[in-house]
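Heads up, the thing below is written out as structure tokens.
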Amino acid sequence: MMRAKIRKIMTGKRRAIAIAVALVVVVILIVAVGARSASGTIKNFSVAGPFSAFWQDITHPLVSENSTPPTGTSFMNATSGVALYQPADQYEGDVIAAVNKASPAVVSITISENVPIIENCPNDFYYNLPQDLQQFFGNIPTSTPCDTGKTELQQVGGGSGFIISADGLILTNKHVVSDTGASYSVLTNDGKTYVAKVLARDPNQDLAVLKINATGLPTVTLGDSNGLRLGQSAIAIGNTLGEYSNTVSVGVISGLARTVTASAPDTGVEETIEGVIQTDAAINPGNSGGPLLDLRGDVIGINTAVASNAQSVGFAIPIDQAKSAINSVESTGEIQVPFLGVRYTAVTADLATTKKLPVSYGALVTGVGTGQPAVEPDSPAAKAGFKADDIIESVDGQKIDATHDLGNIINQHNVGDVVTLVVNRAGKELTVQATLAKRP
């Protein structure tokens, strides 16, 4: 028993020594943190001796304002005292930076209409009953819902868009603002609301441009969608469900140059959209018109549709297809769609084999199956001498293939542009120039 008591007392002394050493270390730390709080940066303490390595280890998480914290750590802002999150890796940091770059220019679009006010109107339900039966019901008042002709402005939908000029031009989808009788307003990222005017709706693509009366607005950076690669990262931002503004989802580019037939859920109107980007970044109702970004935070597409019978299959219009529409609005106040004037079908390896074509790529000029001429009379193509069964191989050096459709290439130009086309006619290559006109 005595030995046991002594052993226990000795253990208590060791603990007391350890606690004393720990208290000394804590005091040193408090002094260091106090120095940081007072000056905004850590003092350069010079510690020598057997505890120097230990000191460096325990002070490692304390980072000065002008230094870079270790990966995966967080630190306190010396001014506000708020913990600042540090990305766990480079990819996460790039996503956060891209969102921070673009978000200030992403807007929510509200759609409002004058809808009927349904009121309860008096109705003598028992008036048509036989007189001898009416006495059993007494004089009980009744009413039925009725339309008195009164209306009130109510929000009926919502979408997204993004600011492309500091003076208030906003790009969105045509189907977001398709109702010519509706009123539109824009909620910017700083919480301000503006009345919006629809400047132009693209007759050929699902694009529209709005205008709000404001200056000094933040804008997005328009990227390059021609160089997209399968598997590269994609970030979608939008007003999800018309309620959760600036919702962010992340995925990859899942496909390129897709052709989809999309229908608006409210009207059921269908539209075929060619050359779109496929992504698995979640695009939800209300995201329509919002930007699809790359890791630099540049806009590479306009979110426009989702596959209703699948998950994580969304589509975006490549931004390069919208650039000519933007230029057109800025210069003319409307979207003027460039027009070549040929009907065509894409040449594939199977089509080349079946029809014994001289090449397995390009656009075959043909009106077969449409009931229309292959070359539109008095069009730029007709004036340039195009003929049925010509194969357009390239436009301005851009080869026409599975990922570069003729229509999409033409849409990237402006009305009045002179384009150089390489045409294969019965096995012989010709170089032809045409001046693009405004689509009639």
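Every number here is computed from the coordinates shown, using simple stated rules; none is lab data. Just so you know, these numbers come straight off a predicted model, no measurement behind them. For neighbour counting, all protein chains shown are included, and Cβ atoms are generated from backbone atoms with ideal geometry for every residue, glycine included.
Scoring 196-202, 172-178, 393-399, 354-360 by mean Cβ neighbours within 10 Å over their residues and listing the highest first yields 172-178, 196-202, 393-399, 354-360.
In this rough spin-label picture, where each label sits 7 Å from Cα along the Cβ direction, the Asp147-Lys355 distance is 5.1 nm.
For region 232-240, backbone phi angles converted through the Karplus equation (6.51, -1.76, 1.60; θ = phi - 60°) give residue-by-residue couplings of 6, 5, 9, 10, 9, 10, x, 8, 4 Hz, Gly and Pro being listed as x.
Close amide H partners of Ala200, meaning residues 5 or more places away or on another chain with modelled amide H under 5 Å apart, are Val209.
Sorting the Cα pairs of region 233-332 by distance into bins of 5 Å, from 0 upward, gives 3, 14, 23, 25, 19, 12, 4, 1, 0 percent per bin. Residues Ser160, Ser233, arranged from fewest to most other Cβ atoms within 10 angstrom of their Cβ, appear as Ser233, Ser160. Residue-wise HN-Hα couplings along region 304-317, as the Karplus relation 6.51 cos²θ - 1.76 cosθ + 1.60 with θ = phi - 60° gives them from phi, are 9, 7, 10, 7, 6, 9, 8, 10, 6, 10, x, 9, 9, 6 Hz; Gly and Pro carry x. For region 338-438, the number of Lys pairs separated by eight or more positions or lying on different chains, with C-alpha atoms closer than 26 Å, is 14. Relative contact order for region 233-332: 26 percent, from Cα pairs under 8 Å spaced at least 6 residues apart, divided by residue count.
Taking Rh as the Kirkwood radius computed over C-alpha pairs, what is the Stokes-Einstein D of region 338-438 at 20 °C in a medium of viscosity 1.002 mPa s, expressed in µm² per second?
The Stokes-Einstein estimate is 160 µm²/s.
Proximity of backbone amide H atoms, modeled 1.01 Å from N, is registered between Phe339 and Ala437, Arg439 at under 5 Å, excluding neighbours fewer than 5 places apart on the same chain. Neighbour counting of Cβ atoms within 10 Å sorts the residues Tyr184, Tyr361, Tyr91, fewest neighbours leading, into Tyr91, Tyr361, Tyr184. Under 16 Å of direct C-alpha separation, and excluding same-chain neighbours fewer than eight residues apart, Lys101 reaches these aspartates and glutamates: Glu92, Asp190, Asp294, Asp298. May I ask for the distance between the Cα centers of region 316-377 and region 201-226, given as a whole number of Å? The distance from the Cα centre of region 316-377 to that of region 201-226 comes to 24 Å.
Counting only residues at least eight positions apart within a chain, or on another chain, the aspartates and glutamates with an alpha carbon under 16 Å from that of Lys174 are Asp202, Asp206, Asp266, Glu270, Glu271, Glu274, Glu334. Around the amide H of Val252, modelled in the peptide plane, lie the amide H atoms of Ala234, Asp280, Ala281, all under 5 Å away and 5 or more residues distant in sequence or on another chain.
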